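Below is one structure. I have some questions about it.
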Amino acid sequence: MAFRVKVFFMISIFFVSHIFAEINTNEFAQRRDKLMQKISQGVILMRGAVEYARNGDVNFKFRQNSNFYYLSGFDEPDATMLLLPGEAQKFIMFVKPFNAHMAVWVGESYGVEGAMKIFKADTAFANDTFDDVIKSYLRNKETVYLPFSDQEFASHITSLLNTHYGRYPKKIEDIDQYINDLRQIKSTKEIELMQKAIDITVDAHKEAMKAIKPDMHEYEIAALIKYIYLKNGSERSGFPSIVGSGPNSTILHYEKNERKMTQNDMVVMDIGAEYGMYSADVTRTVPVDGKFSEEQKDIYKIVLESQKAGVEMTKPGITLSDISNKSTEIIKNGLFDLGLITDKESRWQTSVWFMHGVSHGLGLETHDPGGYRNQKLEAGMVFTVEPGIYIGENALENVYMMSRMGVSKDAIDAFVEAVKPAFEKYKNIGVRIEDDVLVTETGYRNLSEKAPREISDIEKLMSKGSKFTE
Ligand code: GLY
Ligand code: MN
């Protein structure tokens, strides 16, 4: 057993977990120390992700909870972490014990010994001892910090504490916001992993652009994207790939990917590989037949101008609201010039064709914490810039929902009447362009700039053959 465990440790360091191999254990320790410094007193208790049944005895593929991973690097289910600021033994883990029988079926696991040797827990216990062991750690403590996002765990700890009067913490606080704040500023190593996830995604975009042809199905493109991810060491997508053509290009989170693409469609590809647990999120929109029509160009050029302006103004000190205002202003002017809105001052009119936010944080999650609207950007933050215009085929019927926001029926009638000709001209064109942007000391770096977004570059790439569709 001892020998086997030792061999396993050697293997894991060099081969098994490429995720673990990417980030040094010191970096995880520094993150835990920073978090512990942020709370004045008390202990921190967090649970990792658990496994969920898919059907029968098959589980969904496991992915660690992002905050738990951020602080430990530990990537197995059913683990719990206790942090004890100011104590000699300040990092305690509860993990699934090593089980030789299970190892025959599903392979090796870290076990209690691995939690200490590989993940540098000061001490570790089998997770089935948690309810008993945790009591001794919580005795005489004032405050316990828990992730309020994990309601089930918070309830379990609360009921555990409620059964013990007197010497146990009476104050329960939320730890999520403290970790979310830390996660906003990415380290050099995190940026390296994100760049790798983004490079793989850019590669997938380029291969997709070369392969797309009329009469292919959206799922064939989604399959090609997935192939490029896996071939390049990405463990999975950061989120389900969106490959939406024609009418589907106007559906923001279309994930079915089942339609047959036709000659005059635009296709939105909103995709992101995950690598070393970090997600990319890059969108490109291209014409299925490889040549933009005049109508497609009209819409595309507005989105491109808006997106570039948003990216280019990035620097420390500004806010995501500033970027959103600038990008939206350009969209609004463009829509007005095309006859798709009649009043530039009207927010509701613009929202008929552009109904989502321009940016969100990016990191361990596709929608990472941070980039709150009026928070000033700082070097090390990564976020997306992704304006769009969507001429949905039901938009002029759906616009009557605006009456719920206090817009009068007369105003909506007048709007519908005025924009109808432009609507008919541009119907079923959806365009979104999205890049991943790192804030630097002096400005920004567009991490996904290698994915073509200029009309001429897209048309040139699409005219090249693809080894996947020949
Ligand atoms: N890429 C999906 C989203 O940003 O919502
Ligand atoms: Mn996005």
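The values are calculated or read from the model by the stated rules, or taken from the named source; none is laboratory data. Treat the numbers as computed from the prediction; the structure is a model and nothing was measured. Cβ sites come from the backbone with ideal geometry, for glycine too, and all protein chains shown count toward neighbours.
Do the conditions hold for Y145, that is, is it under 18 Å from N67 (Cβ atoms), among the hydroxyl-bearing types (S, T, Y) and either free of Cβ contacts under 8 Å to residues at least 12 places away in the same chain or touching an Asp or Glu at 6+ places or on another chain (Cβ under 8 Å) (or both)?
It is true that Y145 is under 18 Å from N67 (Cβ atoms), among the hydroxyl-bearing types (S, T, Y) and either free of Cβ contacts under 8 Å to residues at least 12 places away in the same chain or touching an Asp or Glu at 6+ places or on another chain (Cβ under 8 Å) (or both).
What tally of residues in region 232-260 results from selecting those that are more than 15 Å from ligand 1 (Cβ to nearest atom) and under 20 Å from R63 (Cβ atoms)?
Total meeting the criteria: 4.
Condition first: more than 33 Å from the chain's Cα centre (by Cα) and crowded, with 17+ Cβ neighbours inside 10 Å. Now tell me which residues in region 392-410 satisfy that.
Within region 392-410, the first condition is being more than 33 Å from the chain's Cα centre (by Cα), and the residues that meet it are 403, 406-410.
Answer for region 392-410, where residues must be more than 33 Å from the chain's Cα centre (by Cα) and crowded, with 17+ Cβ neighbours inside 10 Å: just V407.
In region 143-161, what count of residues is obtained for those that are modelled with pLDDT under 90 and not in a helix (DSSP H, G or I)?
0
Moving to a separate point now. Can you work out which of the residues in region 316-327 that are more than 16 Å from ligand 2 (Cβ to nearest atom) and not in a loop (DSSP other than H, G, I, E, B) is surrounded by the fewest Cβ atoms within 10 Å (Cβ to Cβ)?
Initial filter on region 316-327 (more than 16 Å from ligand 2 (Cβ to nearest atom)): 316-319, 321-322, 325-326.
Subsequent filtering for residues that are not in a loop (DSSP other than H, G, I, E, B) retains 319, 321-322, 325-326.
Values: T319: 16, S321: 15, D322: 18, N325: 12, K326: 18.
The selected residue is N325.
Could you tell me how many of the residues in region 223-244 are within 16 Å of ligand 2 (Cβ to nearest atom) and surrounded by fewer than 23 Cβ atoms within 10 Å (Cβ to Cβ)?
3
Residues are listed down the side, and each one gets a yes or a no for (1) touching a helix residue (DSSP H, G or I) at 6+ places or on another chain (Cβ under 7 Å); (2) without any contact (Cβ under 8 Å) to a residue 40 or more places away in the chain; (3) farther than 15 Å from I92 by Cβ; (4) not acidic (D, E):
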site: V106; (1), (2), (3), (4): no, yes, yes, yes
site: A126; (1), (2), (3), (4): yes, yes, no, yes
site: V133; (1), (2), (3), (4): no, yes, no, yes
site: Y137; (1), (2), (3), (4): no, no, no, yes
site: K170; (1), (2), (3), (4): no, yes, yes, yes
site: E173; (1), (2), (3), (4): no, no, yes, no
site: S187; (1), (2), (3), (4): yes, no, yes, yes
site: A197; (1), (2), (3), (4): no, no, yes, yes
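Ok, one more. It is to be established whether one or more residues within region 370-380 are of a type outside the set (S, T, N, Q) and either more than 30 Å from R183 (Cα to Cα) or without any contact (Cβ under 8 Å) to a residue 24 or more places away in the chain (or both).
no
Pick from I455, I389: which is on the phi < 0 side of the Ramachandran plot and over 25 Å from the mean Cα position of the chain (by Cα)?
I455
Can you run down the residue pairs with Cβ atoms below 7 Å, 6 or more apart or on separate chains, where the first is in region 264-275 and more than 20 Å from P287 (Cα to Cα) and more than 10 Å from ligand 1 (Cβ to nearest atom) and the partner is part of a strand (DSSP E or B) and of a type in the set (K, R)?
Here the result reads E274/R236, each pair linking region 264-275 to a residue that is part of a strand (DSSP E or B) and of a type in the set (K, R).
Take the residues in region 364-399 that are more than 18 Å from G339 (Cα to Cα) and of a type in the set (A, V, I, L, M, F, W, C); name whichever of them is farthest from ligand 1 (Cβ to nearest atom).
A379
Which one of the conditions (1) surrounded by 14 or more Cβ atoms within 10 Å (Cβ to Cβ); (2) touching a residue at least 12 places away in the same chain (Cβ under 8 Å) does A414 fail to meet, given that it meets all the rest?
Going through (1) surrounded by 14 or more Cβ atoms within 10 Å (Cβ to Cβ); (2) touching a residue at least 12 places away in the same chain (Cβ under 8 Å) one by one, A414 breaks only (1).
Let me ask something else. Of the residues that sit in region 339-363 and are within 14 Å of A280 (Cα to Cα) and in a loop (DSSP other than H, G, I, E, B), which one is nearest to ligand 1 (Cβ to nearest atom)? Give the derivation first.
Initially, region 339-363 is screened for residues within 14 Å of A280 (Cα to Cα), giving 359-363.
In the following step, the residues that additionally are in a loop (DSSP other than H, G, I, E, B) were identified as 359-360, 362-363.
Working: S359: 9, H360: 6, L362: 9, G363: 13 Å.
Here the residue is H360.
Does any residue of region 73-86 turn out to be within 21 Å of the chain's Cα centre (by Cα), of a type in the set (A, V, I, L, M) and within 22 Å of E22 (Cα to Cα)?
No, there is no match, as no residue in region 73-86 is within 21 Å of the chain's Cα centre (by Cα), of a type in the set (A, V, I, L, M) and within 22 Å of E22 (Cα to Cα).
Now for a different question. Quick one: which residue in F94, F62, F119, F68 is crowded, with 18+ Cβ neighbours inside 10 Å and over 16 Å from F153 (Cβ atoms)?
Result: F119 is the single residue among F94, F62, F119, F68 that is crowded, with 18+ Cβ neighbours inside 10 Å and over 16 Å from F153 (Cβ atoms).
One line per residue, one yes/no per condition, for (1) under 21 Å from the mean Cα position of the chain (by Cα); (2) at pLDDT 95 or above:
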site	(1), (2)
H164	no, no
D174	no, yes
E190	yes, yes
M194	yes, yes
D199	yes, yes
A204	yes, yes
H217	no, yes
P240	yes, yes
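A follow-up question, please. Could you check how many residues of region 325-369 are more than 30 Å from Q184 (Cβ to Cβ) and touching a residue at least 40 places away in the same chain (Cβ under 8 Å)?
11
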